[in-house]
Amino acid sequence: MRVLLAAAMAVALAGQAGAASAAVKSAAEGRLELESSVVIDAAPDKVYAAIGQIGSWWDPAHSYGGQMTLELRPGGCFCESLPGGGVKHGEVVMAMPGKLVRLSAPLGPMQDWGVAAAMTFELKPAEGGKTTVVLRYNASGFSAGQLQAAPGIDGVVVGQLTRLKSFAETGKPT
């Protein structure tokens, strides 16, 4: 997965109207904390279901070109099938319908770095039947300084959240 590539494009997506807000909470050798949020014009249960349809909204620029799936249950796989093989991008460690999805997910090159990472989608009811989604991505471990590339990684995360918003609202990721 080309997590650090195309970050500029993802940051540009974040600048679109209604796109996700983002913050690099901290970034240092061996540690990264990101938090992004967006208000989605859909009820929490609909947004939760949309998260589970990850193959419909995850940016293919950040995949290996296979079919992506996410099973919304503890132990569920965030996987990508490839001819003769595949990739396990993450594993669901917490699934609370309409409220929260948490994955153990060292994405892309982080798998090779020996990094542990948690990606959490927290869903909060918002006024008018909408949902505020707070996406946290925290990583730690040996990375030879790569986790300090927080703005690029954050741009990718914000781009994914922006695509989720579009998919949940329109059925299309862009």
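Worth a mention:
- Whichever residue in the range 102-132 is modelled with pLDDT under 85 and in a loop (DSSP other than H, G, I, E, B) and, among such residues, is farthest from V39 (Cα to Cα): G114
- Pairs, first under 19 Å from G98 (Cβ atoms) in the range 73-84, second surrounded by fewer than 17 Cβ atoms within 10 Å (Cβ to Cβ) and among the hydrophobic types (A, V, I, L, M, F, W, C), C-beta under 7 Å, six or more apart: P74/V93; P74/M94
- Taken together, the residues in the range 25-50 that are polar (S, T, N, Q) and farther than 15 Å from G152 by Cα amount to 1.
- Here the condition is being aliphatic (A, V, I, L, M) and touching a residue at least 60 places away in the same chain (Cβ under 8 Å); of A126, A105, A118, it holds for A126 alone.
- Pairs where the first residue, in the range 19-38, is farther than 16 Å from T132 by Cα and surrounded by fewer than 17 Cβ atoms within 10 Å (Cβ to Cβ) and the second is among the charged types (D, E, K, R) and at pLDDT 70 or above, C-beta under 6 Å, 6+ apart: V24/D154; K25/E33; K25/E35; S26/E33
- The single condition among (1) farther than 14 Å from V133 by Cα; (2) without any contact (Cβ under 8 Å) to a residue 40 or more places away in the chain that A49 does not satisfy is (1).
- Exactly one residue out of K124, K99, K165, K88 is of a type in the set (D, E, K, R), surrounded by fewer than 17 Cβ atoms within 10 Å (Cβ to Cβ) and under 17 Å from A20 (Cα atoms), and it is K124.
- Yes/no for Q53 being over 16 Å from G155 (Cα atoms), surrounded by 15 or more Cβ atoms within 10 Å (Cβ to Cβ) and either modelled with pLDDT of 95 or more or of a type in the set (K, R) (or both): yes
The values are calculated or read from the model by the stated rules, or taken from the named source; none is laboratory data. Bear in mind the structure is a predicted one, so any value in this text is a computation, not a measurement. Note that we place each Cβ from the backbone using ideal geometry, even for glycine, and neighbour counts take in every protein chain shown.
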